[in-house]
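Novice: Questions regarding the structure given below will be posed in turn.
Every number here is computed from the coordinates shown, using simple stated rules; none is lab data. All values reported here derive from a predicted model rather than from experimental measurement. Please note: Cβ atoms are built from the backbone with ideal geometry, for glycine as well, and neighbour counts cover all protein chains shown.
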Amino acid sequence: MRLEGKSAIVTGAGAGYGAGIARRFAQEGARVVCVDVNGDAANAIAAEIGGLAVQCDISSGASVKAMVEAAGTFQILVNNAALTQKPARVGKITEAELDRLLSVNVKGLYHMAVHALPVIPIEVPDSSLIE
């Protein structure tokens, strides 16, 4: 089990790729923190894999900060949460839809960089593995 003894945060873990990543990490021995804006979906995946569920809207700095604090120590961050937009002409997308898309997909990256990245311990690989 390649991730035995590791703890991972997976955002967008309530469905799709995020749920698949959370399941695989758990199979590999990781303690997985299942993060999703849909708390019920995060709870369902966490219950399935024996992980921890945290409801979080990554477009909110306060929500990301609270999620990082709830997660505790972790070594892996999979910042998977994102929104998609159905194909449409730019003029057919409302400003509110565009704001939400940018807030999650761009600003969410910023919030994770500010609140999550600084607390991940840096592990130096065994130099004998580098040729």
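Novice: Which order do F74, F25 fall in if you start with the one that has the fewest other Cβ atoms within 10 Å? The partial results should precede the final answer.
Specialist: On the way: F74 19, F25 25.
So the ranking, lowest neighbour count to highest, is F74, F25.
Novice: I'd like to know which of G20, A53, V119 lies farthest towards the positive end of the charge dipole of the chain, counting +1 on Cβ of Lys and Arg and -1 on Cβ of Asp and Glu.
Specialist: Farthest towards the positive end: G20.
Novice: Compute the signed sum of charges (Lys and Arg +1, Asp and Glu -1) over the other residues within less than 10 Å, Cβ to Cβ, of I58. Show your work: numbers first, answer last.
Specialist: Values: positive: K107; negative: D36, D57.
Summing Lys and Arg as +1 and Asp and Glu as -1 gives -1.
Novice: Let me ask something else. Restricting to the chain, what percent of DSSP beta bridges are antiparallel, rounded to 5?
Specialist: Working: 0 of 12 bridges.
Taking every DSSP beta bridge within the chain, about 0 percent pair in antiparallel fashion.
Novice: Compute the signed sum of charges (Lys and Arg +1, Asp and Glu -1) over the other residues within less than 15 Å, Cβ to Cβ, of I49.
Specialist: 0
Novice: If you don't mind, there's one more thing I want to ask. How would you rank 45-58, 106-119, 5-18, highest first, on the average number of other Cβ atoms within 10 Å across their residues?
Specialist: Numbers: 45-58: 20.0, 106-119: 15.7, 5-18: 21.7.
With the highest mean Cβ count within 10 Å placed first, the list reads 5-18, 45-58, 106-119.
Novice: Could you give the dipole magnitude of the chain about its Cα centre, charging the beta-carbon of Lys and Arg +1 and that of Asp and Glu -1, in debye to the nearest 20?
Specialist: Numbers: 11 positive and 13 negative charges, 73 e Å.
Here the chain has a charge dipole of around 360 debye.
Novice: What is the chain's relative contact order, in percent, from Cα pairs under 8 angstrom and six or more apart in sequence? Working shown, then result.
Specialist: Details: 227 pairs, mean separation 31.0, N = 131.
Across the chain, relative contact order equals 24 percent.
Novice: As I understand it, the dipole of the chain uses +1 on the Cβ of Lys and Arg and -1 on the Cβ of Asp and Glu, about the Cα centre. Which of Y110, N38, V90 lies farthest toward its positive end?
Specialist: Positive-end residue among those listed: V90.
Novice: Cα to Cα, under 27 Å, and not fewer than 8 places away if on the same chain: which lysines meet these conditions relative to K92?
Specialist: Those lysines meeting the cut-off are K107.
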